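The values are calculated or read from the model by the stated rules, or taken from the named source; none is laboratory data. Note that the structure is a prediction, hence the values are computed from the model and not measured. Methodologically, a virtual Cβ is constructed for each residue, glycine included, from the backbone with ideal geometry; neighbour enumeration extends over all protein chains shown. To get the accessible areas, we keep the full protein, side chains included, count just its heavy atoms, and leave off ligands, DNA and RNA. Shrake-Rupley method; radii C 1.70, N 1.55, O 1.52, S 1.80 Å.
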Amino acid sequence: MEPSLDLQPNQRLRVVHLADHTGRLQVIFPESNMLDISAVSRITKRRFEPVSNFHSSGDPLIKPNSVTTILEASMLKGATFSIRTKVDEQYRDITSAELEKMFSGPLNRFENISINTQLIKRPVDNHEDDEEQILQALGRFQSIRLKQRIEETLEIPPLPASSHRIIRLSADKTAGTDELCEVIALDPSLAAQVISWASSPYYGAPGSIESVEDAIIRVLGFDMVMNLALGLSMSNGFQTPEDGPRHYENFWLDSVSNAVLMESLAKTMSGLNRPKLGHAYLAGLLHNFGYLAISTILPPHFSILSRYQEANAHLSSELIEMQILHFTKEQLGSWLLRYWSLPDNIWTAIRYSKKPHYYGEHAILAKLLYVSHKLRHSEAIEPSVLLEIGLTQEEADNCRDTIYQKSAELHKMVALINKMNA
């Protein structure tokens, strides 16, 4: 796919180092573009992978003519760019002519190796159109026999029985502690996880937690245990990804960190707009459920997606997912959660968590997920969103910093989950 839009003047160039078992390759392309690893493979007849696990600012420039280098061909159109020779150096301007002269040796070539991100299709705006977009995307995968509905097309793992029971219980307005304890007790592994959770140093409960009832009454509360148990039981039905991006340390660490940050943000909000703490926690815990679903349902495509994420660490996950899969993890994850009859506010918030200007039903919870994501990735938050949910930047930053200060305790909680899921 050739870029057909003119490149912006003085835009930065990105350097990425690739390697296979026979050697190294340096590729250079504009930061507004996405490196097309498939194009590199077609040109070189080799299967390269990124050398760096995750490098949002790109790799340092290797001295021209000392290593095989492929540069994006559209950079020869006469524009001026910014480049740096070392990661910690300032960028300096360079013209197309200077770039061509610098890389004029026999080890270098100019080819179409990147995709202008402006040409990448975006996800549909409305969740009601997700199924059609996902099915169209699946139709592109020759290995998948397409039928009329997603659940008929994909081999979706069955929802664990404990999840079904908890979902039914959550719809029962008269349910109390006894009923919840009975449901969780039917799954000994889940009961052990809930007790371990309440016993963790993060909550600092005095004495020992002997039962699920103790966890509910003394530490976590009814709503929190209900939503925690639901999130844990659902994720227990999926295997943790094995061939994911190498920089992605731990699915559970990401999920738990987001859940406790969502809880903290919700507690800091005023009572008027504030969602239920348990729902904020569950939305945070399941925010990345689509990632788990892709790895389980579409393993070959997940592996390709992971390599693209490593090579294009400067781009949003949504752009990369749309280029490789033609749908996003938020679309698939929210569709699954809706299919499994989770509360509307949970799947809706996850679906629109990357859309700061979503104003539909359950927008506050969606915006809270947006803020949490930005905080954890040290990205700028749109001030209007903070205003809408009733938080200041300082309050949001304080919530994040408090969670980071307890990172050792969070790691211990995650270790318990990983041990039980092993």
With of a type outside the set (Gly, Ala, Ser), modelled with pLDDT of 90 or more, closer than 21 Å to Lys101 by Cα and surrounded by fewer than 21 Cβ atoms within 10 Å (Cβ to Cβ) as the only criterion, which of Val67, Val16 stands out?
Val67
Can you tell me which residues in region 176-213 are open to solvent by 20 Å² or more (accessible area, probe 1.4 Å), assigned to a helix (DSSP H, G or I), under 19 Å from Ala259 (Cα atoms) and in contact with a helix residue (DSSP H, G or I) (Cβ under 6 Å, 6 or more places away or on another chain)?
Ile195, Ser196
Is it the case that Asp178 is charged (D, E, K, R) and either over 30 Å from Lys354 (Cα atoms) or touching a strand residue (DSSP E or B) at 6+ places or on another chain (Cβ under 9 Å) (or both)?
yes
Within region 61-84, the count of residues that are more than 14 Å from Gln11 (Cα to Cα) and either touching a helix residue (DSSP H, G or I) at 6+ places or on another chain (Cβ under 6 Å) or assigned to a loop (DSSP other than H, G, I, E, B) (or both) comes to 8
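Yes or no, residue by residue, for (1) of a type outside the set (S, T, N, Q); (2) open to solvent by less than 30 Å² (accessible area, probe 1.4 Å); (3) part of a helix (DSSP H, G or I):
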{"residue": "Ala313", "(1), (2), (3)": "yes, yes, no"}
{"residue": "Lys355", "(1), (2), (3)": "yes, no, no"}
{"residue": "Leu391", "(1), (2), (3)": "yes, yes, no"}
{"residue": "Arg400", "(1), (2), (3)": "yes, no, yes"}
Can you list residue pairs whose Cβ atoms sit under 7 Å apart, with the first residue in region 66-90 being in contact (Cβ under 8 Å) with a residue 12 or more places away in the chain and the second being assigned to a strand (DSSP E or B) and small (Gly, Ala, Ser)? Count only pairs 6 or more apart in sequence or on different chains.
Glu72/Ser114
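Report yes if Ile150 is open to solvent by less than 20 Å² (accessible area, probe 1.4 Å), under 28 Å from Gln133 (Cα atoms) and of a type in the set (A, V, I, L, M, F, W, C), otherwise no.
Details: open to solvent by less than 20 Å² (accessible area, probe 1.4 Å): yes; under 28 Å from Gln133 (Cα atoms): yes; of a type in the set (A, V, I, L, M, F, W, C): yes.
When the stated conditions are applied, Ile150 passes them.
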Do you know which residues across region 125-160 are under 22 Å from Pro343 (Cβ atoms) and touching a residue at least 12 places away in the same chain (Cβ under 8 Å)?
His127, Asp130, Glu131, Ile134, Ile150, Glu151, Ile156, Pro157, Pro158, Leu159, Pro160
Suppose the filter is touching a Leu at 6+ places or on another chain (Cβ under 7 Å) and either buried (at least 20 other Cβ atoms within 10 Å of the Cβ) or assigned to a helix (DSSP H, G or I) (or both); does Glu321 pass it?
yes
Do we have any residue at all in region 374-397 that's under 26 Å from Phe238 (Cβ atoms) and more than 22 Å from the chain's Cα centre (by Cα)?
no
Odd one out for Leu107 among (1) free of Cβ contacts under 8 Å to residues at least 24 places away in the same chain; (2) open to solvent by 50 Å² or more (accessible area, probe 1.4 Å)
(1)
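Among what's in region 324-344 and is assigned to a helix (DSSP H, G or I) and either of a type in the set (Ser, Thr, Tyr) or surrounded by fewer than 20 Cβ atoms within 10 Å (Cβ to Cβ) (or both), pick the residue that is modelled with the highest pLDDT. Step through it out loud before you land on a result.
The first filter runs over region 324-344 and keeps only residues assigned to a helix (DSSP H, G or I), leaving 324, 329-339, 344.
In the following step, the residues that additionally are either of a type in the set (Ser, Thr, Tyr) or surrounded by fewer than 20 Cβ atoms within 10 Å (Cβ to Cβ) (or both) were identified as 334, 338-339, 344.
Values: Ser334: 96, Arg338: 93, Tyr339: 92, Asp344: 93.
If we take residues in region 324-344 being assigned to a helix (DSSP H, G or I) and either of a type in the set (Ser, Thr, Tyr) or surrounded by fewer than 20 Cβ atoms within 10 Å (Cβ to Cβ) (or both), then Ser334 is modelled with the highest pLDDT.
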Those residues of region 215-240 which are at pLDDT 85 or above, surrounded by fewer than 19 Cβ atoms within 10 Å (Cβ to Cβ) and not aromatic (Phe, Trp, Tyr), in sequence order:
Ile217, Arg218, Gly221, Asp223
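Are any residues in region 153-175 open to solvent by 70 Å² or more (accessible area, probe 1.4 Å) and among the β-branched types (Val, Ile, Thr), and if so, which ones? Spell out the reasoning first.
As a first pass, look at region 153-175 and keep what is open to solvent by 70 Å² or more (accessible area, probe 1.4 Å): 155, 158, 164, 168, 171, 173-174.
Passing the criteria: only Thr174.
Being more than 30 Å from Leu332 (Cβ to Cβ), out of contact with any strand residue (DSSP E or B) (no Cβ under 7 Å at 6 or more places or on another chain), open to solvent by 70 Å² or more (accessible area, probe 1.4 Å) and charged (D, E, K, R): is that true of Lys121 here? Before you say what the answer is, go through the steps one by one.
Numbers: more than 30 Å from Leu332 (Cβ to Cβ): no; out of contact with any strand residue (DSSP E or B) (no Cβ under 7 Å at 6 or more places or on another chain): yes; open to solvent by 70 Å² or more (accessible area, probe 1.4 Å): yes; charged (D, E, K, R): yes.
Answer is no for this residue.
Out of Ser257, Ser199, which single residue is in contact (Cβ under 8 Å) with a residue 40 or more places away in the chain and small (Gly, Ala, Ser)?
On the way: Ser199 fails: in contact (Cβ under 8 Å) with a residue 40 or more places away in the chain.
After applying the criteria, what remains is Ser257.
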Got a sec? Which of Glu100, Glu89 is open to solvent by 50 Å² or more (accessible area, probe 1.4 Å), in contact with a helix residue (DSSP H, G or I) (Cβ under 7 Å, 6 or more places away or on another chain) and not aliphatic (A, V, I, L, M)?
Glu100
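If you check Leu282 against the conditions, is it under 15 Å from the mean Cα position of the chain (by Cα) and either in contact (Cβ under 8 Å) with a residue 60 or more places away in the chain or open to solvent by less than 10 Å² (accessible area, probe 1.4 Å) (or both)? Step through it out loud before you land on a result.
Values: under 15 Å from the mean Cα position of the chain (by Cα): no; either in contact (Cβ under 8 Å) with a residue 60 or more places away in the chain or open to solvent by less than 10 Å² (accessible area, probe 1.4 Å) (or both): yes.
In short, no.
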Residue within region 289-311 that is over 27 Å from His411 (Cα atoms), surrounded by fewer than 19 Cβ atoms within 10 Å (Cβ to Cβ), polar (S, T, N, Q) and more than 14 Å from the chain's Cα centre (by Cα) present
no
